[in-house]
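**Q** One structure follows; several queries about it will come next.
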Amino acid sequence: MYQLYIANKNYSSWSLRPWLLMRALDIAFEEKLRPFLAADNFAAFRQFAPNGKVPCLVAGDQVVWDSMGIVEYLYEQHAQVWPAASAARTWARCASAEMHSGFNTLRNDCTMNIGIRVRLNSISPALQRDVERIDELWSQGLGNFGGPYLAGGKFTAVDAFYAPVVFRVRTYGLALSAAAEAYVARILVLPAMLDWEAAALAEPYRETAHEAEVLAAGQVLADWRLPLDS
């Protein structure tokens, strides 16, 4: 059975991608959660991942790191990871690669923190461009391939790559078009997303750097996480 190493579900957007994909497609795996416990977790994570980061997939003697590498490895074993139709598969790969390498302002200004709701101090032009580009991509995929998922009728890797953005949209109240908002609502109620969220809210840790990033970005309006002293 696969082993998937991940970090805190409340914070780790990279971990969510392969975890959600495998759960949504019924690809069995053993979860190995290794929380962020220090400002620099490189040495601890090097015990299982050659790049010292999460996620990392172990398949027997094969170690697969980086979320894109994991997805492509899984595709070789499980064809349903990417859409079957060539045009949809090509678009899905391009959109996923764009997410994997881009949207840096969104990542920096709206770090993933599932358990809270935040009013941003401001939305910079660079952040607005990221949000508008994501809206454009989602609307394009839904329109071109018929929905309800980004590349057609089935959940695939491209939906997993944008799942952390779905959580960010809710956390920070980011404004989207009606089609994109409907997509957010659809993804949020997937059983695997609900399971990830429930586990994130119950986590008994806070990581100082992640919490500081949120406080620098805006005002926390609500915190639904389990109190640390409970």
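The values are calculated or read from the model by the stated rules, or taken from the named source; none is laboratory data. Computed from a prediction, not measured in an experiment: that's the story for all the values here. Cβ atoms come from the backbone with ideal geometry, glycine included; neighbour counts cover every protein chain shown.
**Q** Yes or no: LEU16 in a helix (DSSP H, G or I), aliphatic (A, V, I, L, M) and either touching a Pro at 6+ places or on another chain (Cβ under 6 Å) or loosely packed, with under 15 Cβ neighbours inside 10 Å (or both)? Step through it out loud before you land on a result.
**A** On the way: in a helix (DSSP H, G or I): yes; aliphatic (A, V, I, L, M): yes; either touching a Pro at 6+ places or on another chain (Cβ under 6 Å) or loosely packed, with under 15 Cβ neighbours inside 10 Å (or both): yes.
So LEU16 fits the description; yes.
**Q** Restricting the search to region 107-128, which residues are part of a loop (DSSP other than H, G, I, E, B) and touching a Phe, Trp or Tyr at 6+ places or on another chain (Cβ under 8 Å)? Break it down stepwise before answering.
**A** Step one: list which residues in region 107-128 are part of a loop (DSSP other than H, G, I, E, B), which gives 110-115, 121-124.
Within region 107-128, CYS110, THR111, MET112, ASN113, ILE114, GLY115 qualify.
**Q** If you go through region 33-47 one residue at a time, do you hit one that is closer than 21 Å to GLU197 by Cα, free of Cβ contacts under 8 Å to residues at least 24 places away in the same chain, over 14 Å from the mean Cα position of the chain (by Cα) and not in a strand (DSSP E or B)? Give the steps one after another, and end with the answer.
**A** Going through region 33-47, the residues closer than 21 Å to GLU197 by Cα turn out to be 33-37.
Narrowing further to those that are free of Cβ contacts under 8 Å to residues at least 24 places away in the same chain: none.
Scanning region 33-47 turns up no residue that is closer than 21 Å to GLU197 by Cα, free of Cβ contacts under 8 Å to residues at least 24 places away in the same chain, over 14 Å from the mean Cα position of the chain (by Cα) and not in a strand (DSSP E or B).
**Q** Scan region 37-96 residue by residue and report those that are of a type in the set (Lys, Arg) and under 14 Å from GLN3 (Cα atoms). Walk me through it before giving the result.
**A** Initially, region 37-96 is screened for residues of a type in the set (Lys, Arg), giving 46, 53, 89, 93.
Selection gives nothing.
**Q** Let me ask something additional. Any chance you could count how many residues in region 124-163 are free of Cβ contacts under 8 Å to residues at least 12 places away in the same chain and under 25 Å from ALA216 (Cα atoms)?
**A** Of the residues in region 124-163, 3 are free of Cβ contacts under 8 Å to residues at least 12 places away in the same chain and under 25 Å from ALA216 (Cα atoms).
**Q** Here's something else I'd like to know. Looking at (1) more than 14 Å from the chain's Cα centre (by Cα); (2) within 18 Å of PHE155 (Cβ to Cβ); (3) not charged (D, E, K, R), which is the one condition that is false for MET99?
**A** Evaluating MET99 over (1) more than 14 Å from the chain's Cα centre (by Cα); (2) within 18 Å of PHE155 (Cβ to Cβ); (3) not charged (D, E, K, R) leaves (1) as the failure.
**Q** Something else: What is the residue count in region 90-106 for residues that are part of a helix (DSSP H, G or I) and either surrounded by fewer than 17 Cβ atoms within 10 Å (Cβ to Cβ) or touching a Gly at 6+ places or on another chain (Cβ under 9 Å) (or both)?
**A** Summing the residues that are part of a helix (DSSP H, G or I) and either surrounded by fewer than 17 Cβ atoms within 10 Å (Cβ to Cβ) or touching a Gly at 6+ places or on another chain (Cβ under 9 Å) (or both) in region 90-106 gives 10.
**Q** Assess whether THR208 counts as being surrounded by fewer than 11 Cβ atoms within 10 Å (Cβ to Cβ) and either at pLDDT 95 or above or among the polar types (S, T, N, Q) (or both). Working first, answer last.
**A** On the way: surrounded by fewer than 11 Cβ atoms within 10 Å (Cβ to Cβ): yes; either at pLDDT 95 or above or among the polar types (S, T, N, Q) (or both): yes.
Judged against the criteria, THR208 is a match.
**Q** So in region 131-149, with the set limited to residues that are outside any helix (DSSP H, G or I) and small (Gly, Ala, Ser), which one is surrounded by the fewest Cβ atoms within 10 Å (Cβ to Cβ)?
**A** Filtering region 131-149 down to residues outside any helix (DSSP H, G or I) leaves 146-149.
Now restrict to residues that are small (Gly, Ala, Ser): 146-147.
Details: GLY146: 12, GLY147: 16.
For region 131-149, the residue satisfying everything is GLY146.
**Q** Give the residue that is nearest to ALA24 (Cα to Cα), with candidates limited to residues of region 73-87 that are surrounded by 10 or more Cβ atoms within 10 Å (Cβ to Cβ) and among the polar types (S, T, N, Q).
**A** This residue is GLN80.
**Q** Follow-up question, since we're still on this one. Having 1 or more residues that are β-branched (Val, Ile, Thr) is the bar; report the helices (runs of 4 or more DSSP H) wholly within region 150-230 that clear it. Explain how you work it out, then say what you get.
**A** Values: elements: 157-172, 178-188, 191-202, 208-217.
In region 150-230, the matching helices (runs of 4 or more DSSP H) lie at 157-172, 178-188, 208-217.
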